[in-house]
Amino acid sequence: MSDAFQAQGLVKRFGKTVALDGIDLSVRTGEVHGFLGPNGAGKTTTIRVLLGLLRADAGTVRLLDGDPWRDITRLHKRLAYVPGDVSLWPRLSGGETIDLLGRLRGGLDPARKADLLDRFQLDPRKKGRAYSKGNRQKVALVAAFASDVELFILDEPTSGLDPLMSEVFSQCVSEVRAQGRTVLLASHILGEVEKLCDRVSIIRSGRIVETGSLSDLRHLTRTTIHARLGRPADGLGQLPGTHNVTVDGDRVTLQVDPDALPEVLRRLGEHEARELVSQPPTLEELFLRHYDVGPHHNSDEKVGAR
Amino acid sequence: MSELVGTWRLARLALRRDRIGLPVWVLLAISLAAGPAGSLADAYATAEKQREYAEGVGSNPAAAVFSGPSLGVEHLGGIVVKESAVWVLLLVAITSIMLVIRYTRTEEESGRAELVTAAAVGRHSRLAAALLVVGVADLLIGLGAAAGLMGAGLSGAGSLAYGLGVTMVGWVFAAVAAVTAQLVEAARTANGIALAVFGATFLLRGIADSASVANDGTGGVRLLAWASPTGWFYQLRPYAGERWWVLGLAVLTGAVLSGVAVALSQRRDIGAGLLAARLGPPDAKPGLATPLALAWRLQRSGLISWAAGVAVGGAVLGSLAHDITDMVGQNATAAKAIRQLGGADVLVDSYLVWVLRILGLAAAAYAVSAVLRLRSEESGLRAEPVLAAAVTRTRYALSHVLVAVFGVVVLLLTAGLVVGLVHGARSGDVGGELPRILGAALVQLPAALLPAALAAALFGLLPGATMVGWLFVGVILLIAQLGPVLELNQWVMDVSPFTHLPRLPGGDVTAMPLVWLGALALLLGAAGLATFRRRDLDTA
């Protein structure tokens, strides 16, 4: 499978601040790739380097088989970008902005635009300054999804949308995935990434700390089990690979490493389990693990992760 | 008073935000007022010299359009008012307007006002804080100017009238801005309306004062000055028998306008304007598909306003040209003053050179604002989506530069056509005057482009310092107006690109300066484009 883009060892400094500290990131053609991290971790900076808006101090980037700093026109015709902070021209109407951005990319489908305006419930006649944050974001989203491109780069696209509109956004992402197009979705909303993404990369302090498919990553985390037992829960806490065991009468809650799961299930059976609820590991746990107990953790990151 | 809760805190916030800009502005205004007093005292030390001034610049109706009526110009105080006051008034009025808009409408437009209003802050506190900060700064300027003028040996009463006169003009226009801030949603438009009010009343005063000087202080037209706040400054008569009650007129006007602003603000929602925003088209016209089309769309309304301003200014100043010989008459000193400004042999031509120079400077100022649109688009994050589309850096920057060049050509053409037609019609020789005046206007193109080219170079190399482009325009204006009068060193005069232009109409045409000015502009512009292509986009 080929890569829509690939970055290796990206370093970007702003003065003394190191924003990117050796980013390795690759997104395969046709996948929806989640790019997770709190504010300030370097998501937007990475995207701006990919788009040729910032120049990396070190490292290499290949974007759609080109150099994003040199082949601007050729590459940018094939991608659509939704910035995290959408700023519109105050005197241009939303419809004008959508048409303009689409045409600057190399074309936009009017029927698709009309359909998206309808689904996002956006009035295209309002002037740019009259839109709320959510509506500004919708303008950028309609302009992106109405364009005929191979790659969508979306930087926290739902941060201003209400739940209904977030759902419309999810449908749009599913549609473009079904058409075999690639999506890079930067976000700090774990539920969204979990729902939409095939693979995930987690960024922390300018470094990618984890990359893989959701099922790969779940292997790294623990399943939570709640059970009601027929016999006292003695000895369960001593099993290797179990954590945070709490016993309350006949109820027991514990977390289990993937490798220890068969043994734990066998012992639960021996203890005459009457009820059993097992929760798959969530991305959130994985995320918090990286942000809470990492070797260099500091208070700034905690704020972002929680 | 609950409606004013938090005013003091908001005022301190404004002081914190502009802790450098505000003091610089105050000191600049004071030094513009008091600074020239010393050198003018040297230049016009004797009664003989002062009489010469009164008969020269003092009786020149053309100069009065800009510099005000000639009240008490047979003494040093009147000369100081005539030479320095207009600059202080321009600086104080325009800055007062822009600061009030900055603290009120800009805050609403950005959404920051919502944050503030949601806190324990009264309904009128933001407006009150804005007027408080600007009002106190205006007062400091006035008192500082008065102290400075007294320090230069001028009379106490006159100096105080001068200073407080400046303060009152600042107050009135701060209150005008407080009203326009309520009217429209866009800060740019609110600024534009308030500045247009200032420009219109300034022009009205110019016409009135010109008529006053031409008719030796008589005639009905001179009374139009009473309709203009900058006119009140001169009617306060610093150093010429002060009329203190004029101050009351200004304070009353400021208070009424502030009351209107408060009343208007109660009739609207935060963030909204009283004049409802109109809806736009749901689709873009087919042509809106390139960076150039976008740049033109963003800048065309600005260019139309500039062209209208140049046309009005050209018509007023151009219509005086035919009378200049009669007005000046046998007065050799006045003729000499005009010849100094224009530098041509024939008196009318000399005057026309000066008129076209002023309009050419307006074109240069426009070009700087057009090029710096690149900077405001970049820092407003609106360049980012365009550059993330299939648009190269060079093409993007070039689109705004092309609009600027086109705009300068349009403005110079407007200036040449209007002045040529008006003067031609009045002198009964359109066929003869129009071509030579049009040519004289257009010959300024390379000089008018140079400040914009500097701004473009800074945009690429030092994007944080693009304001230097405006500074250059200000220096050129000062050199053009004060240089010949103060008889500045030639090397100072040479800083202005306009100094190197042939004196047209009437003078000899030399191609060399045009070629090297053009080459320099081209070089600076190219440097800007080349460096912008290599630098990071400013996304902070």
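The values are calculated or read from the model by the stated rules, or taken from the named source; none is laboratory data. Everything quoted here is computed from the prediction, not taken from an experiment. No Cβ is skipped: glycine too gets one built from the backbone with ideal geometry, and neighbour counts run over all protein chains shown.
Condition check ((1) more than 27 Å from residue A:39 (Cβ to Cβ); (2) among the hydrophobic types (A, V, I, L, M, F, W, C); (3) in the same structural domain as residue A:37 (by TED's automatic domain parsing)) across all residues:
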{"site": "A:89", "(1), (2), (3)": "no, yes, no"}
{"site": "A:95", "(1), (2), (3)": "yes, no, no"}
{"site": "A:104", "(1), (2), (3)": "yes, yes, no"}
{"site": "A:119", "(1), (2), (3)": "yes, no, no"}
{"site": "A:163", "(1), (2), (3)": "no, no, yes"}
{"site": "A:168", "(1), (2), (3)": "no, yes, yes"}
{"site": "A:172", "(1), (2), (3)": "no, yes, yes"}
{"site": "A:181", "(1), (2), (3)": "yes, no, yes"}
{"site": "A:185", "(1), (2), (3)": "no, yes, yes"}
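Screening A:216, A:234, A:248 for residues that are closer than 30 Å to residue A:43 by Cα and among the charged types (D, E, K, R) leaves exactly one candidate, A:216.
Can you pull out every residue in region B:134-165 that is of a type in the set (A, V, I, L, M, F, W, C) and either under 15 Å from residue B:244 (Cβ atoms) or not assigned by TED's automatic domain parsing to the domain that holds residue B:266 (or both)? Show your work before the answer.
At the first step, the residues of region B:134-165 found to be of a type in the set (A, V, I, L, M, F, W, C) are B:134, B:136-137, B:139-141, B:143, B:145-147, B:149-150, B:152, B:154, B:157, B:160-161, B:164.
The answer is B:146, B:157, B:160, B:161, B:164.
Does residue B:429 count as more than 30 Å from residue A:148 (Cα to Cα), at pLDDT below 95, among the charged types (D, E, K, R) and surrounded by fewer than 20 Cβ atoms within 10 Å (Cβ to Cβ)? Before the answer, list the steps.
Numbers: more than 30 Å from residue A:148 (Cα to Cα): yes; at pLDDT below 95: yes; among the charged types (D, E, K, R): yes; surrounded by fewer than 20 Cβ atoms within 10 Å (Cβ to Cβ): yes.
Yes: the conditions hold for residue B:429.
Before we move on, is residue B:78 small (Gly, Ala, Ser) and either within 20 Å of residue B:139 (Cα to Cα) or not in a helix (DSSP H, G or I) (or both)?
Numbers: small (Gly, Ala, Ser): yes; either within 20 Å of residue B:139 (Cα to Cα) or not in a helix (DSSP H, G or I) (or both): no.
The answer is no for residue B:78.
Please indicate, with yes or no, whether at least one residue in region A:167-182 is under 25 Å from residue A:82 (Cβ atoms), in contact with a strand residue (DSSP E or B) (Cβ under 9 Å, 6 or more places away or on another chain), assigned to a strand (DSSP E or B) and touching a residue at least 12 places away in the same chain (Cβ under 8 Å). Scanning region A:167-182, I find at least one residue that is under 25 Å from residue A:82 (Cβ atoms), in contact with a strand residue (DSSP E or B) (Cβ under 9 Å, 6 or more places away or on another chain), assigned to a strand (DSSP E or B) and touching a residue at least 12 places away in the same chain (Cβ under 8 Å), so the answer is yes. Can you confirm whether residue B:386 is more than 14 Å from chain A (Cβ to nearest Cβ) and of a type outside the set (Ser, Thr, Tyr)? Taking the combined requirement at face value, the residue does not satisfy it.
Here region A:44-70 is the region considered, the condition is being part of a loop (DSSP other than H, G, I, E, B) and buried (at least 16 other Cβ atoms within 10 Å of the Cβ), and the residue that is farthest from the chain's Cα centre (by Cα) is A:69. Within region B:236-256, which residues are surrounded by fewer than 19 Cβ atoms within 10 Å (Cβ to Cβ) and on the phi < 0 side of the Ramachandran plot? Result: B:243, B:244, B:245, B:247, B:248, B:249, B:251, B:252, B:253, B:255, B:256. Please specify each residue of region A:76-87 satisfying the condition of being basic (Lys, Arg) and facing another protein chain (nearest Cβ under 7 Å). A:77 - this is the single residue of region A:76-87 that is basic (Lys, Arg) and facing another protein chain (nearest Cβ under 7 Å).
Can you name the residue in region A:88-142 that is among the small types (Gly, Ala, Ser), closer than 19 Å to residue B:387 by Cβ and at the interface with chain B (Cβ under 8 Å from one of its Cβ atoms) and, of all such residues, is surrounded by the fewest Cβ atoms within 10 Å (Cβ to Cβ)? This residue is A:106.
For region B:211-237, the set of residues classified as without any contact (Cβ under 8 Å) to a residue 24 or more places away in the chain and among the hydroxyl-bearing types (Ser, Thr, Tyr) consists of B:218 only.
Results for (1) within 14 Å of another protein chain (Cβ to nearest Cβ); (2) under 28 Å from the mean Cα position of the chain (by Cα); (3) modelled with pLDDT under 85, shown as yes or no for each residue.
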| site | (1), (2), (3) |
| --- | --- |
| B:202 | no, yes, no |
| B:207 | no, yes, no |
| B:221 | no, yes, yes |
| B:245 | no, no, no |
| B:250 | no, yes, no |
| B:253 | no, yes, no |
| B:256 | no, yes, no |
| B:284 | yes, no, no |
| B:287 | yes, no, no |
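Could you give every pair whose Cβ atoms fall below 6 Å, whose first residue belongs to region B:454-479 and is part of a helix (DSSP H, G or I) and among the polar types (S, T, N, Q), and whose second residue is at pLDDT 90 or above and surrounded by fewer than 24 Cβ atoms within 10 Å (Cβ to Cβ), counting only separations of at least 6 or pairs across chains? Short answer, once both residue conditions are applied: none. When the residues of region B:489-540 are filtered to those that are in a loop (DSSP other than H, G, I, E, B) and within 14 Å of chain A (Cβ to nearest Cβ), the one that is surrounded by the fewest Cβ atoms within 10 Å (Cβ to Cβ) is B:540.
Among all positions in region B:411-418, there is no residue which is over 28 Å from residue B:297 (Cα atoms), free of Cβ contacts under 8 Å to residues at least 40 places away in the same chain and among the aliphatic types (A, V, I, L, M). Determine, yes or no, whether residue B:185 is more than 23 Å from residue B:257 (Cβ to Cβ) and within 14 Å of chain A (Cβ to nearest Cβ). In short, no. Only one of the listed residues (B:527, B:453, B:448) is closer than 30 Å to residue A:14 by Cβ, under 21 Å from the mean Cα position of the chain (by Cα) and either among the aromatic types (Phe, Trp, Tyr) or assigned by TED's automatic domain parsing to the domain that holds residue B:337 (or both). That residue is B:453.
Taking region B:419-442, which residues are outside any helix (DSSP H, G or I) and touching a residue at least 60 places away in the same chain (Cβ under 8 Å)?
From region B:419-442, those outside any helix (DSSP H, G or I) are B:428-429; that's our starting set.
Across region B:419-442, there are no qualifying residues.
Kindly establish whether residue B:484 is within 26 Å of residue B:419 (Cα to Cα) and either more than 14 Å from every other protein chain (Cβ to nearest Cβ) or not aliphatic (A, V, I, L, M) (or both).
yes
When the residues of region B:257-291 are filtered to those that are part of a loop (DSSP other than H, G, I, E, B) and polar (S, T, N, Q), the one that is surrounded by the fewest Cβ atoms within 10 Å (Cβ to Cβ) is B:266.
Looking at A:170, A:93, A:147, which one is under 26 Å from residue A:287 (Cβ atoms), among the polar types (S, T, N, Q) and in contact with a helix residue (DSSP H, G or I) (Cβ under 9 Å, 6 or more places away or on another chain)? Among A:170, A:93, A:147, only A:170 is under 26 Å from residue A:287 (Cβ atoms), among the polar types (S, T, N, Q) and in contact with a helix residue (DSSP H, G or I) (Cβ under 9 Å, 6 or more places away or on another chain).
Just to be sure before I move on: is residue A:73 polar (S, T, N, Q), within 11 Å of chain B (Cβ to nearest Cβ), surrounded by fewer than 22 Cβ atoms within 10 Å (Cβ to Cβ) and closer than 15 Å to residue A:151 by Cα in the structure I sent? It would help to see each step written out before you state the result.
Details: polar (S, T, N, Q): yes; within 11 Å of chain B (Cβ to nearest Cβ): yes; surrounded by fewer than 22 Cβ atoms within 10 Å (Cβ to Cβ): yes; closer than 15 Å to residue A:151 by Cα: yes.
Taking the combined requirement at face value, the residue satisfies it.
Quick check: anything in region B:373-385 in contact with a Gly (Cβ under 6 Å, 6 or more places away or on another chain), surrounded by fewer than 21 Cβ atoms within 10 Å (Cβ to Cβ) and part of a loop (DSSP other than H, G, I, E, B)?
Filtering region B:373-385 down to residues in contact with a Gly (Cβ under 6 Å, 6 or more places away or on another chain) leaves none.
No: region B:373-385 contains no residue that is in contact with a Gly (Cβ under 6 Å, 6 or more places away or on another chain), surrounded by fewer than 21 Cβ atoms within 10 Å (Cβ to Cβ) and part of a loop (DSSP other than H, G, I, E, B).
Residue under question is residue B:34, and the condition is that it be in the same structural domain as residue B:262 (by TED's automatic domain parsing) and either in contact with a strand residue (DSSP E or B) (Cβ under 6 Å, 6 or more places away or on another chain) or part of a loop (DSSP other than H, G, I, E, B) (or both); does it hold?
Spelling it out, it is not the case that residue B:34 is in the same structural domain as residue B:262 (by TED's automatic domain parsing) and either in contact with a strand residue (DSSP E or B) (Cβ under 6 Å, 6 or more places away or on another chain) or part of a loop (DSSP other than H, G, I, E, B) (or both).
Number of residues in region B:389-400 that are more than 7 Å from chain A (Cβ to nearest Cβ) and either crowded, with 24+ Cβ neighbours inside 10 Å or touching a Gly at 6+ places or on another chain (Cβ under 6 Å) (or both): the value is 3.
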